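First the structure, in the form of structure tokens, and then the observations on it.
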Amino acid sequence: LDFRGATGQVRFNNETGSRDQATSVLKIANVLADRPLDSDGKVPFRNTNSFLYQGEDGGSSAASWKQILGATFIYSDNTTVAPLNLPPLVLQNEEIHVWATVVGYVACTIIVSVAAAFCVWMQRNIKTDPVRSAQPFFVRIVVLGIVLMGLSLIPQAALASSSVPDMCCMVIPWLLAIGFCFTFAALFSRLIRINKIDDSSRRLIRIKIKPTQVVVPFLILLALNVAILTTWTIMDPLQYRMAFDGNLDEYGRSLTFTTTCQSDAALYFRAALGLLDITALALTGYHGYKARNVKVAYKENVYILYGLIASSQSFLVGLPLVAAVDTPSASFFCRTLAILWGCFGIALPLLGPKICQVHHWKAEQKAKEARKQERIKRANEYFANVSNQGTGRAATKSTNVSSMQQSTAMLDYSS
């Protein structure tokens, strides 16, 4: 398509439908204030064309920018001197430093190793009274929750180097929420069992509560966490996105950025999970406080309460600290310390005394066995002495009878 228009020759590309640049007419207008501000608070402006983009010879030659004769262009500094070009923008990506990543991997290794070692130790001592009184079913669930929370450090540390960062982003809340649910729901069920037994003893009622009867709160909390996480994963999953911070150059351009896990509705889902888990923690703390004076074998209720207090402190201190720091390395380091503190805050008061109790129980059993063997030895010695004394008296009596028989025989012979 080629025709003569009001601005000159007009030509379109038959394949793309775009206008040929050689026949395009563009202009740069200089909009300037015509006079100062008047009494009405208005400023009139005038439009002056300064540069024109147009081809020559009816569009037969290439178009170019040309300054209109007699026109000048006034720049923002009120001069006709064109400013220099902007310097090239160099963006800096603030990633998690290697030292922070190493700290995260080491912390995860410590948590998993300690949990695995305790499970092996508990299985070896499964027949001891302290381990059986702790109900290994609930202890295993607590240890599994601690391991899941510790494993959440791996995707956090591997976000920058992972080939599937979006998947790592969504794995993190799954591990943290399910691990938290396993740990505190198991403790909650264990404390409910202790309080039910104490209440029945106060009413002089004999009851027997099986672990399956108090596992319902655990299943409810687990179902709610899975429902929220599944909805989050399907509707608006976390994605590894670039976020610019407030560090600007003199031209107002951002100089640094961070890559974090973000989604449009992440705040709402995190608030729902946080409200659910805080409610579970509060209920567990209530039942732990209620059971603090109950006389339980090996004082398990007291150690559970200590663990709840220690882990709650990790969240109360760690969350504000993570929100206060502004660099990825410092934020990850604070998260690592908070998770490490939370895991060992539960593990040490709950599992540490159990090792000491088993050690003392074995020592007591060994002492009892030694006393038992000593009593058996004394009894055997006593019965052996009695038997020897009985044998001696029987031999003396036999000798006297023989002497009397011989005397009688001699008398008969002499007569």
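The values are calculated or read from the model by the stated rules, or taken from the named source; none is laboratory data. Predicted model only: the values in this text are computed from it and were never measured. Using ideal geometry, Cβ is built from the backbone for each residue, glycine included, and neighbour counts are taken over all protein chains shown. Side chains are part of the model used for accessible areas, which takes the heavy atoms of the whole protein and leaves out ligands, DNA and RNA. Shrake-Rupley method; radii C 1.70, N 1.55, O 1.52, S 1.80 Å.
Data overview
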| quantity | calculated |
| --- | --- |
| Residue-normalised accessible area of the range 1-103, given per residue in Å² at a 1.4 Å probe | 77 |
| Protection-proxy order for peptides 78-87, 12-21, 107-116, 267-276, each taking the mean of Cβ atoms within 10 Å per residue, highest first | 107-116, 267-276, 12-21, 78-87 |
| Cβ-based net charge around PHE244, under 14 Å, with every Lys or Arg adding one and every Asp or Glu removing one | -2 |
| Net charge, THR258 excluded, C-beta distance under 15 Å - Lys, Arg +1, Asp, Glu -1 | -2 |
| Inter-label distance for ALA117 and THR256, nm, one decimal - labels placed 7 Å from Cα along Cα-to-Cβ | 3.9 |
| Volume of the Cα convex hull of the chain, divided per residue and given in Å³ | 323 |
| Potential lengthening between LEU26 and LEU89 on full extension [0.36 nm per residue; Cα-Cα distance subtracted] | 19.8 nm |
| Cysteines without a disulfide-compatible neighbour (Cβ-Cβ under 4.7 Å), the chain | CYS108, CYS119, CYS168, CYS181, CYS334, CYS343, CYS356 |
| Pairs beyond 20 Å (Cα-Cα), from LYS127/LYS377; LYS27/LYS66; LYS295/LYS372; LYS127/LYS368; LYS295/LYS354; LYS295/LYS366 | LYS127/LYS377; LYS295/LYS372; LYS295/LYS366 |
| Inter-site label distance for ILE376 and VAL317 at 7 Å from Cα along Cβ, in nm | 5.3 |
| Within the accessible area of the chain (1.4 Å probe), percent carbon and sulfur | 62 |
| Extension gain (nm, one decimal) between ARG241 and ALA227, 0.36 nm per residue minus Cα-Cα | 2.5 nm |
| Extension gain, GLU15 back to ASP199 (0.36 nm per residue minus Cα-Cα distance, nm) | 57.5 nm |
| Which of PRO165, ALA134, TYR105, positive extreme of dipole for the range 74-187 (C-beta unit charges) | ALA134 |
| Normalised convex hull volume, the range 1-150, alpha-carbon set, Å³ per residue | 392 |
